[in-house]
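Comments concern the structure below.
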Amino acid sequence: MVNIKFLEKLFNTKKEAQIPAIELQEWFENQSEDNLKKIDENIDSSFNEVENIKQNIITHLKELEKSELMNPDVIQSREKHMMQGNREAYIRKMNNFLDSLTIPELTYDSALEFSQSLEEKLDTLSQNTQRSFYILKNFFDDVLSKITKELKELENTGKYIIKIVTEDEVKKILDTIDSIKDFNERLHNKEKIETKLDEMNVELVEKENKKEETKEKIEKLKSSESFIEYNNLIIKESNANKKINKIKTDILQVISPFEKSLRKFQRESVKEEIIKAYLNNPSKALLQDKDIDILNILKNLKIWLNKEDIKSKEKIIKKIDSLNYKIFLDLAENLVRSEKEAESIKNSVKANPSDMNFKELAYQIEHFDSKIKTLKSEIKKSETELNSLKIKSKKEKLESEIFEFSGTELTII
C-alpha cells in the first residue's frame, strides 16, 4: 500500500495546478526530485560497489594464479596436473564472467535489467565452476574463501539495486512518469491524426466539388447539338452491331447442322482447309470463300453420306438440298454491307468532338469516385484510430494518479 504521508512529505506542491501536457513530465520530476536524486545516488553507489568487487576478485584471481602448493613433495604428479587444469579453467571462467559485467548508463530500467541479469549470471557461474571450486578448495582454501566472499557481496549488491528500483513508492513514481510519457505520445499522435484528417477532409470536399463540376459539364454537353448527333450515332452503331451479330447467327445456323459430318468428311476432301475454316469460324470463312466453295463441299458431302451408314443422314441430305448459291451469296453480301455500315458509323462517332469530350469527362467522374471512396475509407480509419487513443479517459486517470501521490488537484491543459 502506498505510504500517503511519505508522499505528501515528498511532494511540495500547491493544492491546485494547471500544467501544460508538454511541461508535465518536467513538473512531476521536479516534485519528486529529492527522492529520485537519492535513488540515483544509491544506484550509482551500488554500481561503483560492483566495480570495486570486480577489481577485488581480479586481484584474488591473480593471487590464485601465483599461489604455490604448501607441500608439493607429498602431492602426486597426477593430482598436481588435475589441480593445474582446474585452476586454469576456474580462472578463465571467472574472468569471462567479470568481462560480461558491463555497467550500463544510469536509468532505472537498465539498473533493473543489469541486476536481474547479474543474478542469472551468478547462478550460471556457480554451476560452471562448481567442480573446479571444490577441487581447488583442497589446495587454496584461503584465496577461494576471499573470492566466495566477494561473489556474495556482488549478489547482495544486485539484490539491493533490485530492491531500490522496485520499492512500492518508487515504482509508483516511475510508473507515473511512464504514464506521462505515454499520454504525451498519445497527444502527439492525436495531433498528427487530426492534421491528417483536416487535410483529407479538405481534399474530400475538393474532389466532391470537382465531381459536381464535371457532372454539370456532362449535362451541358448532353444538351449540345453535337452530343445529340453523337448519341444518335451511338444508337445507330449499336443497331448496326446487332444486325451483324444476327447475320453471323444466321450463317452459323446454316453450317451447324453439318458440323459433325464435316469433321468426319474433311480428311477425305481436297478442301480440308476450307472445311476447317468453316468449322472454326463460319462467318469469317464465308467472307474469305469468294467462290462459295462451301456449296460444292456440301454436295460432295452428300455423295459421301450416301455411301456411309450414318444416323439421320437423310435429314442432313435434305438440308444440303435446300441450300443454293444465292443463299450463301446473300449472307456474305449482307455481312460485308453491314460491317461497312458499322465501320462508317464508328468513324463518324470518332470524328464527333463529343466522343472524346464525353469519354474524358466520364473518366474524370470515375477517377473522382475512386478517390472519394479511398478518402472516405481513410478518414473512417483515422477517426477510429483517433478514438482508440482515449485521450479524455487517459487524462482523467493521470490527473487522479498524480493527485493520489501529491494531493494536488491537477488540470492538464
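The values are calculated or read from the model by the stated rules, or taken from the named source; none is laboratory data. Quantities reported herein were computed from a predicted structural model and do not represent experimental measurements. Heads up, the Cβs are rebuilt from the backbone with ideal geometry, glycines too, and the neighbour counts pull from every protein chain shown.
Being out of contact with any Leu (no Cβ under 7 Å at 6 or more places or on another chain) and surrounded by 16 or more Cβ atoms within 10 Å (Cβ to Cβ) narrows it down to one of Ile251, Ile247, Ile255, Ile316, so name that one.
Ile255
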Failed item in (1) without any contact (Cβ under 8 Å) to a residue 12 or more places away in the chain; (2) over 30 Å from Gln55 (Cα atoms); (3) not assigned by TED's automatic domain parsing to the domain that holds Met356, with Glu225 passing the rest
(3)
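Looking at Asp178, is it part of a helix (DSSP H, G or I), at pLDDT 90 or above and acidic (Asp, Glu)?
Details: part of a helix (DSSP H, G or I): yes; at pLDDT 90 or above: no; acidic (Asp, Glu): yes.
No.
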Hey, among Glu206, Glu212, which residue is surrounded by 13 or more Cβ atoms within 10 Å (Cβ to Cβ), free of Cβ contacts under 8 Å to residues at least 40 places away in the same chain and outside the structural domain of Trp27 (by TED's automatic domain parsing)?
Glu206
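Just one of Ser117, Ser145, Ser132 is in contact with a Phe, Trp or Tyr (Cβ under 9 Å, 6 or more places away or on another chain) and small (Gly, Ala, Ser); which is it?
On the way: Ser117 fails: in contact with a Phe, Trp or Tyr (Cβ under 9 Å, 6 or more places away or on another chain); Ser145 fails: in contact with a Phe, Trp or Tyr (Cβ under 9 Å, 6 or more places away or on another chain).
Being in contact with a Phe, Trp or Tyr (Cβ under 9 Å, 6 or more places away or on another chain) and small (Gly, Ala, Ser) holds for just one of Ser117, Ser145, Ser132, which is Ser132.
Okay, residues lined up against (1) in contact with a helix residue (DSSP H, G or I) (Cβ under 9 Å, 6 or more places away or on another chain); (2) farther than 25 Å from Phe97 by Cβ:
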| position | (1), (2) |
| --- | --- |
| Leu154 | yes, no |
| Tyr160 | yes, no |
| Asp168 | no, yes |
| Lys172 | yes, yes |
| Thr195 | no, yes |
Could you give every pair whose Cβ atoms fall below 6 Å, whose first residue belongs to segment 67-90 and is assigned by TED's automatic domain parsing to the domain that holds Asn128, and whose second residue is of a type in the set (Phe, Trp, Tyr), counting only separations of at least 6 or pairs across chains?
Ser67/Phe140; Met83/Phe139
Can you go through Ser354, Ser322, Ser370 and tell me which one is touching a helix residue (DSSP H, G or I) at 6+ places or on another chain (Cβ under 9 Å), assigned by TED's automatic domain parsing to the domain that holds Lys264 and of a type in the set (Gly, Ala, Ser)?
Ser354
Counting only residues in segment 59-88 that are farther than 15 Å from Leu144 by Cβ and of a type in the set (Val, Ile, Thr), the one surrounded by the most Cβ atoms within 10 Å (Cβ to Cβ) is identified as Ile75
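Can you give me the number of residues within segment 264-298 that are part of a helix (DSSP H, G or I), among the charged types (D, E, K, R) and either loosely packed, with under 13 Cβ neighbours inside 10 Å or in contact (Cβ under 8 Å) with a residue 60 or more places away in the chain (or both)? Write out each step before concluding.
Quick first cut of segment 264-298, residues part of a helix (DSSP H, G or I) only: 264-268, 272-280, 282-288, 293-298.
Of the ones still in play, those that are also among the charged types (D, E, K, R) are 264, 267-268, 272-273, 276, 284, 293.
Remaining after also requiring either loosely packed, with under 13 Cβ neighbours inside 10 Å or in contact (Cβ under 8 Å) with a residue 60 or more places away in the chain (or both): 267-268, 273.
Here the count works out to 3.
Lys93: assigned to a helix (DSSP H, G or I), loosely packed, with under 14 Cβ neighbours inside 10 Å and of a type in the set (Lys, Arg), yes or no? Don't jump to the end; show me each part of the working.
On the way: assigned to a helix (DSSP H, G or I): yes; loosely packed, with under 14 Cβ neighbours inside 10 Å: no; of a type in the set (Lys, Arg): yes.
Criteria not met by Lys93.
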Of all the residues that make up segment 1-31, how many are outside any helix (DSSP H, G or I) and either in contact with a Ser or Thr (Cβ under 8 Å, 6 or more places away or on another chain) or modelled with pLDDT under 80 (or both)?
12
Of the residues that make up segment 163-178, is at least one surrounded by fewer than 18 Cβ atoms within 10 Å (Cβ to Cβ) and under 30 Å from the mean Cα position of the chain (by Cα)?
yes
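Residue by residue, here is whether (1) under 30 Å from Glu29 (Cβ atoms); (2) modelled with pLDDT of 95 or more holds:
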residue: Lys318; (1), (2): no, no
residue: Ser348; (1), (2): no, no
residue: Lys359; (1), (2): no, no
residue: Gln364; (1), (2): no, no
residue: Ile379; (1), (2): no, yes
residue: Ile391; (1), (2): yes, no
residue: Glu396; (1), (2): yes, no
residue: Glu401; (1), (2): yes, no
